Amino acid sequence: MRAHEAGTLHADLGHNSPPWLRAPRDPNDLVTSLWSTTAKKNGEGALEVGGVDLRELVAEHGSPAYVLDEDDFRSRARAFKLGFKDFDVYYAGKAFLCTTVVRWVMEEGLNLDICSGGELAVALRAGADPKRLGFHGNNKSEQELARALEAGVGRIIVDSEHEISRLIELAKERGLVAPVMVRVTAGVEAHTHAYIATAHEDQKFGFSITSGAAYEAVARINEAPELELLGLHSHIGSQIFDSSGFEVAAKRVIALHARVSDELGVDMPELDLGGGFGIAYTTQDDPSDPAQLATEMGKIVEHECRGHGVDVPKVSIEPGRAIVGPAMCTVYSVGTVKEVSLDADAYRTYVSVDGGMSDNIRTALYDADYSCTLANRYSEAEPTLARVVGKHCESGDIVVKDEFMPADVKPGDLVAVPGTGAYCRSMASNYNHVPRPPVIAVKDGQTRVVVRRETEDDMLALDMGAE
Ligand SMILES: Cc1ncc(COP(=O)(O)O)c(C=O)c1O
Ligand SMILES: N[C@@H](CCCC[NH3+])C(=O)O
């Protein structure tokens, strides 16, 4: 390994590294704001989460593994519940869902947002009260809708005229009344990656307020005896820090809410402003705390409702990432380390780990930034700018684009990546027939496997030609 002086590495890479990256004084230090609350380095420099030394966790359960800090998850859920005390809080299960998490969510007094028959099945298997479920999706099938109706799901968020027709038929056949919200598009350009923004006009979700489609959908639902109109639903996107997007969306949605009251004489009892609250993946992200968000959102809603002369409806939100994201980290084992020359003086250190884009697709898909730390030992070595990559057959198989790691990082070391709770296990794949890692809950020095590691037999079980 070439020797480097801390502080010169950034210059070495020139335009290949982000301008905000600075070599840390000590690459062993944990940037605690990026980690779950119980994460710390012990006397030997090994990472502990929930009182569990990750060296021991890997010795027992193997790597890679997602490590879920139960206390952290519960305290973030509770912070939303308490911060948004006048709201209903729906945990967005798409971020990460398993039966254990459904039970934690219910125990902490939150409701649950689901968006497929599969997520509904997990919620029901966990014993969730169906009334506390909100069912999303732009293309729910007849079977999914029928199952939701029969189970008694508390709200179905309708997203198209076809779905309204489908639901009327299904409810009529069953002699039921379906409680519905209307997903509207507020025409907001949220400041986030294009693939995770959902309130601009040119995308697949919702009924446009601007075009009049949202008003027409509401009027149609209001006329249908098989449907109970609960209210409007807006979700502007994900990983959002700038509250102006929420403000503009809330104004437009409440204006529609008021128009419905004026012209149809219907005071819809509810209003959902969605999720999307950003978390810190690197030191560049500065998230707001739930109480502050609640105050800001509550003020906007009240101000707008007062301005329109309508009663304030029961407001709900749907945070996913902000609850589970920081509660999990992924621990990997290093397999190979390589120095790659970029030009005359610059090079990059590639640290290959035993997972990659199959357990975290976000870097490849959204150009997302992550950070990491050496998790099994203290190192005296100086920091070197490294790129943590996976084991897949893609050059875009990157887990952490840029991070300063001790220059003596070597095969057999453990590397842990914080902030992997949301949209990592839930978006994991079997690419290259790599089995998906387990989710291991940690608390008070104990581990509990809440989702076991996938095996080759699990994968081969689907292969009808296998013996
Ligand atoms: C309708 C809806 N609600 C809630 C969420 C949760 O978003 P986040 O995990 O960013 O809070 C999403 C995902 O973006 C969503 O589509
Ligand atoms: N999957 C996205 C979030 C969008 C979720 C659903 N609307 C992410 O990883 O950031």
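Placing a label point 7 Å from the Cα of Glu302 along the Cα-to-Cβ line, the residues of segment 64-106 whose backbone N sits under 20 Å from it are 80-89.
DSSP assigns beta bridges within the chain; of those with both partners inside it, close to 50 percent run antiparallel. Packing, as the average of other Cβ atoms within 10 Å across residues, places the peptides 246-253, 374-381 in the order 246-253, 374-381, highest first.
For the chain, the longest principal axis of the C-alpha atoms and the axis of helix 142-151 are separated by about 80°.
Maximal additional length on extending the Tyr431-Arg377 stretch stands at 16.4 nm, based on 0.36 nm per residue less the C-alpha distance.
Look at His308, His136 and count the other Cβ atoms within 10 Å of each Cβ; fewest to most, that gives His308, His136. Once you sort the root eigenvalues of the Cα gyration tensor of segment 95-221 as a ≥ b ≥ c, which label holds: rounded (a/c under 1.5), prolate (a/b larger than b/c) or oblate (the other case)? Since a/c reaches 1.5 but b/c is at least a/b, the shape of segment 95-221 is classed as oblate. Comparing Cα centroids, segment 87-136 and segment 407-425 end up 28 angstrom apart. Here is the P(r) of the chain: all C-alpha pair distances, binned every 20 Å from 0, give 24, 51, 23, 2 in whole percents.
How high is the relative contact order of the chain? Use alpha-carbon pairs under 8 Å, at least six apart in sequence, and give a whole percent. Reported as a whole number, the value is 21 percent. Ranked for footprinting exposure by Cβ neighbours inside 10 Å, fewest first, Thr330, Thr32, Thr282 give Thr32, Thr282, Thr330. With the convex hull of the Cα atoms taken as the outline of segment 70-324, the averaged projected area works out to 12.6 nm².
Among Cys372, Cys329, a tally of other beta-carbon atoms within 10 Å of each Cβ gives an order, fewest to most, of Cys372, Cys329. From helices alone, the chain scores -8000 deg cm²/dmol at 222 nm; the rule is -39500 (n - 2.57) for each run of n ≥ 4 DSSP H residues, then divide by the residue total. Could you work out how far helix 290-308 tilts from the main Cα principal axis of the chain, as a 0 to 90 degree angle to the nearest 10? Relative to the chain, helix 290-308 is tipped by roughly 30 degrees. Distance between the C-alpha centres of segment 429-467 and segment 173-233: 37 Å, rounded to the whole angstrom.
No lab work stands behind these numbers, since they all come straight from the coordinates. Predicted model, so just to flag it, every value in this text is computed and none were measured. Heads up, the Cβs are rebuilt from the backbone with ideal geometry, glycines too, and the neighbour counts pull from every protein chain shown.
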